[in-house]
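The values are calculated or read from the model by the stated rules, or taken from the named source; none is laboratory data. Worth saying up front: this structure is predicted, and the values here are computed from it rather than measured. As a convention, Cβ positions derive from the backbone with ideal geometry for all residues, glycine included, and neighbour counts pool all protein chains shown.
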Amino acid sequence: MLDAIASAPGVSRAGVAARTGLTKATVSTVVDRLVTASLVREHGQERRSGPGRRGTSLSLSPDGPCGLGVEIGVDYLATCLVGLTGEVRGEWTRHRDNRDLPPEQVLSRVADALAEALADARRQDVTVAGVGVAVPGLVDTASGRVTVAPNLGWQDVDLAAEMHTRTPELPGQLVVGNEANLAAVAELHALRHEPASPSSFVHVSGEIGIGAGIVLDGTLFDGLHGFGGELGHFPVQPRGPRCSCGARGCLERLAGKDAVLDRAGVDDVDALVAALDAGDSTARAAVRAVGRVLGSTLSAVVNLLDVPTIVLGGVYARLHPWLSEPLSAELGDRVVGAPRRRVEVRRSVLGGEAAVRGAAAAALRTVLTDPDAYVLRARQAESRTTSSVGSRMDGGNGSSPAS
């Protein structure tokens with residue numbers, strides 16, 4: 001029922017009954033529970049054409065719980081609070097180099113960032129329903145274990161267990177996922193509000209590493225073991241520079257953020273964009289070279305998967321005005337069937353925020369798929385709070401004060 005309301009905002013109780021096959025009496029009872037739990041709100045009359053009485057509109061509640069997303073980047077940490085209706089209630093980014101540090105040290109930083117975000121949620125009187133963590137590596141989503149994250153230097157890290165140890169009062173469920181996959185799912189939802197939005201695309205997250213989230217017909221495709229989309233380790237130059245994964249000549253060593261900054265002779269992305277805006281020939285040549293390498297690699301992906309759209313995310317989203325032309329030209333030369341088989345290259349709607357928002361949305365999906373568990377946890381938390389308040393009023397001994 002909650003899914004029926006989420007997928008058709010403004011639907012009435014009768015509409016929910018028709019969509020689910022449940023009786024109107026059952027729908028009414030459950031809707032009342034969802035409204036009480038602040039998961040659904042009632043507002044105005046439903047909008048529809050034709051005769052007949054219009055029911056009350058139902059939609060997800062903007063005053064409901066939030067998901068808390070965390071992205072562990074190679075050179076930053078980001079956190080984000082996202083509500084049921086997609087509104088962002090807070091975003092924070094901390095620029096810190098996490099390379100070659102012990103996982104325990106990085107996860108202590110994550111725990112500190114989580115504590116700050118949770119404190120801000122309390123100040124806003126926002127309920128956090130779950131936490132999602134985006135990691136640049138191969139993730140066993142069922143267990144929350146990171147199999148390998150080459151650019152962080154991680155091998156077989158039980159991230160879920162480590163986080164529960166460091167933040168024992170972690171609210172709701174903890175979800176761990178690959179950053180490129182979470183970014184692609186977030187982008188898919190954001191694109192639904194765009195005109196002529198694609199249902200199949202490859203979202204390329206360009207940072208120090210390069211990840212690809214593959215969406216086919218509105219569904220994430222992440223491979224048999226959930227390890228698909230490792231575009232950054234596509235072999236480009238067999239005798240090229242050594243990669244963090246141990247191989248040579250991987251795409252991210254030739255077209256990742258560090259590579260383009262080195263080619264352009266600048267220290268950070270802000271300086272690169274300023275140089276590009278100023279027409280600096282070295283910066284523009286660097287981005288064109290990266291665009292050609294990236295386009296050559298993505299042409300193989302397009303030929304294999306037959307996707308019509310490439311979405312540039314992360315750093316590539318900021319470089320889109322200068323990156324898209326050489327990238328598109330390479331696709332035009334290498335995609336079989338071009339120019340009739342045109343591939344669109346578009347900028348990510350969410351840019352560098354896609355992964356952390358995707359992590360927050362993944363945490364909220366645990367509520368949407370199992371609202372009963374959320375309602376039960378909320379009742380237990382309320383009961384503990386009431387008991388604690390009563391205990392303090394009693395002087396801590398559980399008895400009534402003397403008259």
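Scanning region 157-211 for residues that are out of contact with any helix residue (DSSP H, G or I) (no Cβ under 9 Å at 6 or more places or on another chain), among the charged types (D, E, K, R) and without any contact (Cβ under 8 Å) to a residue 12 or more places away in the chain yields a single hit, Arg192. crowded, with 19+ Cβ neighbours inside 10 Å, among the β-branched types (Val, Ile, Thr), modelled with pLDDT of 95 or more and assigned by TED's automatic domain parsing to the domain that holds Ala300, is that true of Val260? Against the criterion (crowded, with 19+ Cβ neighbours inside 10 Å, among the β-branched types (Val, Ile, Thr), modelled with pLDDT of 95 or more and assigned by TED's automatic domain parsing to the domain that holds Ala300), Val260 qualifies.
Given the conditions (1) under 19 Å from Leu364 (Cβ atoms); (2) without any contact (Cβ under 8 Å) to a residue 60 or more places away in the chain, which single one is not true for Arg145? Condition not satisfied by Arg145: (1).
The rows are residues; the columns are (1) among the aliphatic types (A, V, I, L, M); (2) under 24 Å from Leu2 (Cβ atoms).
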{"position": "Ala117", "(1), (2)": "yes, no"}
{"position": "Ala134", "(1), (2)": "yes, no"}
{"position": "Gly137", "(1), (2)": "no, no"}
{"position": "Gly177", "(1), (2)": "no, yes"}
{"position": "Leu188", "(1), (2)": "yes, yes"}
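Only one of the listed residues (Leu118, Leu107, Leu182, Leu188) is of a type outside the set (D, E, K, R) and under 20 Å from Tyr374 (Cβ atoms). That residue is Leu118. Taken as a whole, the condition of being in contact with a His (Cβ under 6 Å, 6 or more places away or on another chain), part of a strand (DSSP E or B) and not aromatic (Phe, Trp, Tyr) applies to Val311.
Note on region 263-308: residues that are outside any helix (DSSP H, G or I), touching a Ser or Thr at 6+ places or on another chain (Cβ under 9 Å) and either at positive phi or of a type in the set (Gly, Ala, Ser) (or both) amount to 2.
Report yes if Ala18 is farther than 20 Å from Gln173 by Cα and over 29 Å from the mean Cα position of the chain (by Cα), otherwise no. Answer is yes for this residue. Restricting region 208-250 to residues that are among the β-branched types (Val, Ile, Thr) and part of a loop (DSSP other than H, G, I, E, B), the residue that is surrounded by the fewest Cβ atoms within 10 Å (Cβ to Cβ) is Val236.
Residue count for region 320-353 under the criterion of being closer than 28 Å to Gly132 by Cβ, assigned to a helix (DSSP H, G or I) and of a type in the set (D, E, K, R): the result is 1. The residues listed here are Val82, Val74; of these, the one that is hydrophobic (A, V, I, L, M, F, W, C) and not in a strand (DSSP E or B) is Val74. Checking region 105-119 against the condition returns a match, with at least one residue being more than 21 Å from Arg145 (Cα to Cα), buried (at least 18 other Cβ atoms within 10 Å of the Cβ), in contact (Cβ under 8 Å) with a residue 12 or more places away in the chain and not aromatic (Phe, Trp, Tyr).
Taking the criterion of being among the β-branched types (Val, Ile, Thr) and in contact with a helix residue (DSSP H, G or I) (Cβ under 6 Å, 6 or more places away or on another chain), the only residue of region 136-156 that qualifies is Val146. Of all the listed residues (Gly337, Gly291), the sole one being small (Gly, Ala, Ser) and in contact (Cβ under 8 Å) with a residue 24 or more places away in the chain is Gly291. Within region 308-354, the residues that satisfy the criterion of being closer than 29 Å to Ile72 by Cα and over 21 Å from the mean Cα position of the chain (by Cα) are Pro321, Trp322, Leu323, Ser324, Leu327.
Take the conditions (1) without any contact (Cβ under 8 Å) to a residue 60 or more places away in the chain; (2) within 24 Å of the chain's Cα centre (by Cα); (3) outside any strand (DSSP E or B); Arg253 misses just one of them, which is (2). Could you tell me whether any residue of region 156-169 is assigned to a loop (DSSP other than H, G, I, E, B), of a type outside the set (S, T, N, Q) and either modelled with pLDDT under 95 or closer than 22 Å to Val293 by Cα (or both)? Yes; the residues of region 156-169 include at least one that is assigned to a loop (DSSP other than H, G, I, E, B), of a type outside the set (S, T, N, Q) and either modelled with pLDDT under 95 or closer than 22 Å to Val293 by Cα (or both).
Of Glu71, Glu46, all but one fail to be modelled with pLDDT of 95 or more and among the acidic types (Asp, Glu); the exception is Glu71.
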